[in-house]
1. Go over the candidates Ser30, Ser11, Ser43 one by one and state the one that is within 30 Å of Ala101 (Cα to Cα), modelled with pLDDT under 80, in a loop (DSSP other than H, G, I, E, B) and not β-branched (Val, Ile, Thr).
2. Which one of these does Val65 not meet: (1) surrounded by 10 or more Cβ atoms within 10 Å (Cβ to Cβ); (2) closer than 28 Å to Ser12 by Cα; (3) at pLDDT 80 or above?
3. Exactly one of (1) closer than 28 Å to Gly5 by Cβ; (2) modelled with pLDDT of 75 or more; (3) surrounded by 10 or more Cβ atoms within 10 Å (Cβ to Cβ) is unmet by Ser113. Its number?
4. Given Ala108, Ala121, Ala101, which one is more than 29 Å from Ser12 (Cβ to Cβ) and at pLDDT 75 or above?
Amino acid sequence: MVSSGGSERASSGELTMRTPDAGQLGTSGSIKMSTGLSGREGSGGIDVVSGSSAHFEAVKKGEAVSMVDVEALRPAGNVRLSAGTSVARKGASVSIEAGDAIVPTNLAPDGSSGGDISIRAGAGMS
């Protein structure tokens with residue numbers, strides 16, 4: 001497990017994964033995250049999730065937040081997927097793929113279906 005330090009009164013530590021720049025004739029290194037093959041159970045997933053902002057748990061429980069607290073409200077962290085800028089004829093791609101489903105027809109006579117891709121915009125609530 002890789003983690004950064006926490007804090008009771010100030011900001012928690014930042015965690016950065018980065019490969020060094022390449023030399024003039026090379027390419028920079030890749031960062032890959034993957035889970036291993038599974039045995040009998042499903043393989044582990046990969047979650048990229050930002051933390052909720054202050055007072056989230058109180059609001060979720062329906063507790064009142066004072067006007068003093070409202071002035072201190074801040075947004076949760078953003079999640080960004082971005083490909084770098086290319087000096088070439090074509091820019092880099094961003095791919096999001098759902099998983100395939102493979103099952104013998106005797107176990108799924110109605111067939112199978114691949115995984116879903118869901119995109120949901122956030123709601124503004126008062």
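1. Testing whether each residue is within 30 Å of Ala101 (Cα to Cα), modelled with pLDDT under 80, in a loop (DSSP other than H, G, I, E, B) and not β-branched (Val, Ile, Thr) leaves just Ser43.
2. Looking at each condition in turn, Val65 falls short on (3).
3. Unmet for Ser113, out of (1) closer than 28 Å to Gly5 by Cβ; (2) modelled with pLDDT of 75 or more; (3) surrounded by 10 or more Cβ atoms within 10 Å (Cβ to Cβ): (1).
4. Of the residues listed, the single one that is more than 29 Å from Ser12 (Cβ to Cβ) and at pLDDT 75 or above is Ala101.
The values are calculated or read from the model by the stated rules, or taken from the named source; none is laboratory data. Everything numeric in this text was worked out from a predicted model, so none of it was measured. Note: ideal-geometry Cβ built from the backbone for every residue, glycine included; neighbour counts use all protein chains shown.
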